[in-house]
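Notes to accompany the following structure.
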Amino acid sequence: QVQLVESGGGLVQAGGSLRLSCAASGSIFSINGMGWYRQAPGKQRELVATITSGGRANYADFVNDRFTMSRDNAKNTVYLQMNNLKPDDTAVYYCTANIRPRRDSGRHDYWGQGTQVTVSS
């Protein structure tokens, strides 16, 4: 079993910061790319950022240099540092990871349960 657990969400005022974490645990042989998505009420889930196993991150245009994604491979954990938050950033943030559970298995995409981020104006 593979689990992704997000943490770090909460309520913050506009202009504030939050740092999200996502830890992968369980049967893990290797982790490839990881990513953060978000879903606001009434909207489709959208990509926020991705990061390769080597640590190269890419961001959605709306991030506009406000967010930084990083990973700690030793801890099977990724982070999303979010600065200068806006009310439009209010959403449930989900972590995803492409994981090979065992040496002899294929890769699968796993998702966390999500963490709520609410930005007040």
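The values are calculated or read from the model by the stated rules, or taken from the named source; none is laboratory data. What you see is a predicted model, and the numbers here were worked out from it, not measured in a lab. When we count neighbours, we look across all protein chains shown, and the Cβ atoms used for this are built from the backbone with ideal geometry, even at glycine. What goes into the accessible areas is simple: the full protein's heavy atoms, side chains included, and nothing from ligands, DNA or RNA. Shrake-Rupley method; radii C 1.70, N 1.55, O 1.52, S 1.80 Å.
General remarks:
- For the range 85-93, the criterion of a residue being within 11 Å of V117 (Cβ to Cβ) and of a type in the set (F, W, Y) is satisfied by at least one position.
- Scan of the range 7-39 for residues that are in a loop (DSSP other than H, G, I, E, B) and not aromatic (F, W, Y), ordered by number: G8, G9, A14, G15, G16, S17, S27, I28
- Whenever a residue of the range 13-35 is closer than 21 Å to G54 by Cβ, its partners that are among the hydrophobic types (A, V, I, L, M, F, W, C) and open to solvent by 40 Å² or more (accessible area, probe 1.4 Å), lying with C-beta atoms within less than 9 angstrom and at least six residues away or across chains, give the pairs S21/V5; C22/V5; A23/V5; A24/V5; G35/L47.
Per-residue answers, yes or no, for (1) at pLDDT 95 or above; (2) within 18 Å of A97 (Cβ to Cβ); (3) surrounded by 14 or more Cβ atoms within 10 Å (Cβ to Cβ); (4) of a type in the set (D, E):
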position	(1), (2), (3), (4)
E6	yes, yes, yes, yes
G10	yes, no, no, no
G15	yes, no, no, no
L20	yes, yes, yes, no
A23	yes, yes, yes, no
G26	yes, yes, no, no
N32	yes, yes, no, no
E46	yes, yes, no, yes
I51	yes, yes, yes, no
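- Test result for G42, assigned to a loop (DSSP other than H, G, I, E, B), without any contact (Cβ under 8 Å) to a residue 40 or more places away in the chain and under 29 Å from D104 (Cβ atoms): no
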